[in-house]
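Notes for the one structure printed next.
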Protein chains: 2
Amino acid sequence: MTGRLAIVGIGPGAAELVTPLATETLAAATDLVGYGPYLARVPERPGQKRHASDNREELARAREALALAVLGRNVAVVSSGDPGVFAMASAMFEAIETGLEAWKSIEVTVVPGVSAMFAAAAKAGAPLGHDFCVISLSDNLKPWDLVLKRLEAAAVADFVIVLYNPASKARPWQLGEALDLIGRYRASDAPVIFARAVTQADEHIELTTLGRADPSRGDMRTIIIVGSSATKLISRGAGEPFVYTPRHVELAET
Amino acid sequence: MTGRLAIVGIGPGAAELVTPLATETLAAATDLVGYGPYLARVPERPGQKRHASDNREELARAREALALAVLGRNVAVVSSGDPGVFAMASAMFEAIETGLEAWKSIEVTVVPGVSAMFAAAAKAGAPLGHDFCVISLSDNLKPWDLVLKRLEAAAVADFVIVLYNPASKARPWQLGEALDLIGRYRASDAPVIFARAVTQADEHIELTTLGRADPSRGDMRTIIIVGSSATKLISRGAGEPFVYTPRHVELAET
């Protein structure tokens, strides 16, 4: 008897951003698998088993979930944000591809969620209102030269750039180098948003510029949005200005 | 008495992907403003006014919403998917920037939603599991040369590429040219997903390759995801294969 497995996005943090489909899927599961702090966001249910793991053990966690599902359990893998964006979905499919043949017949679904980058953009205004690129700065799983190549391509073509995994204790210098590279192609007054722990209790959104951005402000809970040449600020009475990227680009700007 | 204005993302279509925050914000509004078919997805409430407009009148719609809010109304602007991605948020801030001074003191919030591209990716597997770019093919508001420049940069740097607004009756040839350009840099067997009306009653997800993709299959309700050189298929017993992009890139592939 083969079970089912759902990879469930629970959004960036706030309970009011968890979709009804995610809530229902989590409630119906016999087993929840995930990083401890993400599991802690899911309401407890009697009879439901929880399998918490460390954040860096994505592949091991994926295999544990598949091993439960193949025994007939109804498994939900809990992912923050949207599970398809630098989260659990890709690790799950890697585990399926490289694992037991029986795992390929498990019924697998992905439940999309509100991604941290869109929640961050919403807090700032509409910085992703036009073409954008999304790049992970982690060189744990890819060569740093490839990160630089992609950053340069995105900067030259004037995309708004979203940076995931900007820094960690083991990777302290990558964000500074990335911002320096973008700064070779983009004005120093381009708006930059540091969005940490978006919609969580300790949320901190900081608006700065490319020239003044402090790389030491980035960590694994921070997403960074670097505006394009078209990204603008709108002053308002109280609070930070809105940041938005217009839908249109003038001919002269190309 | 100045009112409030919320730009609310209601997700790609399915009611089960509308967040509780979106549902509450829509329920609390005195006035709903939006494209007719999106408004039709919001449950009716007694006493609440609806202001439906045509899809191409984004700026006029934004101004109408601001004119209501400045009179003290509690306005919700309804946007499909996430409002920050080629949707209403950018048009709203453009209307604020270029409009009456009083509009700048309206309390404006953006309620993020599940974007159509992440819902499409979830149906296919995890094609956005690594660095990706998001590009609108509409040249109504930007020069086609800029679209080509961005497509080429994304293709050269081997990003997964998401195409919004791939074609309309007035823009029938752009998608073919875009796919041809990407094909100069990417193998003809790169996976391509055409996702139309994702999570809606007439949803249609089609998996093909760059070499076999038929540009006439794209329209304004379709999102297209073009895999990178790393994007893979996993066969399974029943149904289409899963499509996923691994989290890691081997050194040799750069």
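Determine if segment B:135-154 includes at least one residue that is in contact with a Cys (Cβ under 7 Å, 6 or more places away or on another chain), of a type in the set (A, V, I, L, M, F, W, C) and buried (at least 17 other Cβ atoms within 10 Å of the Cβ).
Within segment B:135-154, one or more residues are in contact with a Cys (Cβ under 7 Å, 6 or more places away or on another chain), of a type in the set (A, V, I, L, M, F, W, C) and buried (at least 17 other Cβ atoms within 10 Å of the Cβ).
Tell me the strands (runs of 3 or more DSSP E) entirely within segment B:64-144 that contain at least 2 residues that are more than 10 Å from chain A (Cβ to nearest Cβ) and under 15 Å from the mean Cα position of the chain (by Cα). Spell out the reasoning first.
Working: elements: B:74-79, B:107-111, B:132-136.
Answer list for segment B:64-144: B:74-79.
Which is under 17 Å from A:Phe132 (Cα atoms), buried (at least 18 other Cβ atoms within 10 Å of the Cβ) and hydrophobic (A, V, I, L, M, F, W, C), of A:Val198, A:Val192?
Sole residue among the options that is under 17 Å from A:Phe132 (Cα atoms), buried (at least 18 other Cβ atoms within 10 Å of the Cβ) and hydrophobic (A, V, I, L, M, F, W, C): A:Val192.
Quick one: how many residues across segment B:203-235 are in contact with an Asp or Glu (Cβ under 6 Å, 6 or more places away or on another chain) and part of a strand (DSSP E or B)?
3
For segment B:155-172, check the following and say yes or no: at least one residue is in contact with a His (Cβ under 9 Å, 6 or more places away or on another chain), within 8 Å of chain A (Cβ to nearest Cβ) and surrounded by fewer than 19 Cβ atoms within 10 Å (Cβ to Cβ).
no
Test of understanding: among B:Glu101, B:Glu94, which residue is modelled with pLDDT under 95, within 28 Å of A:Arg236 (Cβ to Cβ) and of a type outside the set (Phe, Trp, Tyr)?
Just one listed residue meets the conditions, B:Glu101.
Can you pull out the residues in segment B:145-168 that are touching a residue at least 40 places away in the same chain (Cβ under 8 Å) and in a loop (DSSP other than H, G, I, E, B)?
B:Asp158, B:Phe159, B:Asn165, B:Pro166, B:Ala167
Any residue at all in segment B:7-22 that is more than 26 Å from B:Ala197 (Cβ to Cβ), at pLDDT 95 or above and open to solvent by 40 Å² or more (accessible area, probe 1.4 Å)?
Within segment B:7-22, the subset more than 26 Å from B:Ala197 (Cβ to Cβ) is none.
Looking through segment B:7-22, none of the residues is more than 26 Å from B:Ala197 (Cβ to Cβ), at pLDDT 95 or above and open to solvent by 40 Å² or more (accessible area, probe 1.4 Å).
Within segment B:105-123, track down each residue that is surrounded by fewer than 24 Cβ atoms within 10 Å (Cβ to Cβ) and under 16 Å from A:Gly84 (Cβ atoms).
Answer for segment B:105-123, where residues must be surrounded by fewer than 24 Cβ atoms within 10 Å (Cβ to Cβ) and under 16 Å from A:Gly84 (Cβ atoms): just B:Lys123.
Since A:Ala121 meets every condition but one in (1) touching a residue at least 24 places away in the same chain (Cβ under 8 Å); (2) in contact with an Asp or Glu (Cβ under 6 Å, 6 or more places away or on another chain), which condition does it not meet?
It is condition (2) that A:Ala121 fails.
Looking at B:Val243, B:Val226, which is the one that is surrounded by 18 or more Cβ atoms within 10 Å (Cβ to Cβ), touching a residue at least 60 places away in the same chain (Cβ under 8 Å) and within 12 Å of chain A (Cβ to nearest Cβ)?
Step by step, each of B:Val243, B:Val226 is checked, and only B:Val243 is surrounded by 18 or more Cβ atoms within 10 Å (Cβ to Cβ), touching a residue at least 60 places away in the same chain (Cβ under 8 Å) and within 12 Å of chain A (Cβ to nearest Cβ).
When you go through (1) modelled with pLDDT of 95 or more; (2) within 11 Å of chain B (Cβ to nearest Cβ) one by one for A:Ala187, which number turns out not to apply?
Only one criterion is unmet by A:Ala187, namely (2).
Looking for something hydrophobic (A, V, I, L, M, F, W, C), touching a residue at least 40 places away in the same chain (Cβ under 8 Å), surrounded by fewer than 23 Cβ atoms within 10 Å (Cβ to Cβ) and within 22 Å of B:Ala28 (Cα to Cα) - is there at least one such residue anywhere in segment B:74-89?
no
Going residue by residue through segment A:35-42, is there one that turns out to be away from chain B (no Cβ under 14 Å), surrounded by fewer than 17 Cβ atoms within 10 Å (Cβ to Cβ) and assigned to a helix (DSSP H, G or I)?
Checking segment A:35-42: at least one residue is away from chain B (no Cβ under 14 Å), surrounded by fewer than 17 Cβ atoms within 10 Å (Cβ to Cβ) and assigned to a helix (DSSP H, G or I).
Only one of (1) of a type outside the set (A, V, I, L, M); (2) more than 14 Å from every other protein chain (Cβ to nearest Cβ); (3) at positive phi is not met by B:Gly3, so which one is it?
So B:Gly3 meets the others, but not (3).
In this structure, is B:Ala102 under 24 Å from A:Asn165 (Cα atoms) and either crowded, with 24+ Cβ neighbours inside 10 Å or in contact (Cβ under 8 Å) with a residue 12 or more places away in the chain (or both)?
No: the conditions fail for B:Ala102.
The values are calculated or read from the model by the stated rules, or taken from the named source; none is laboratory data. Every value quoted in this text rests on a predicted model; they were computed, and no experiment measured them. Here the Cβ is made from the backbone with ideal geometry for all residues, glycine too, and neighbour counts use every protein chain on show. Remember, those area values only see protein heavy atoms, side chains included, never the ligands or the DNA or RNA. Shrake-Rupley method; radii C 1.70, N 1.55, O 1.52, S 1.80 Å.
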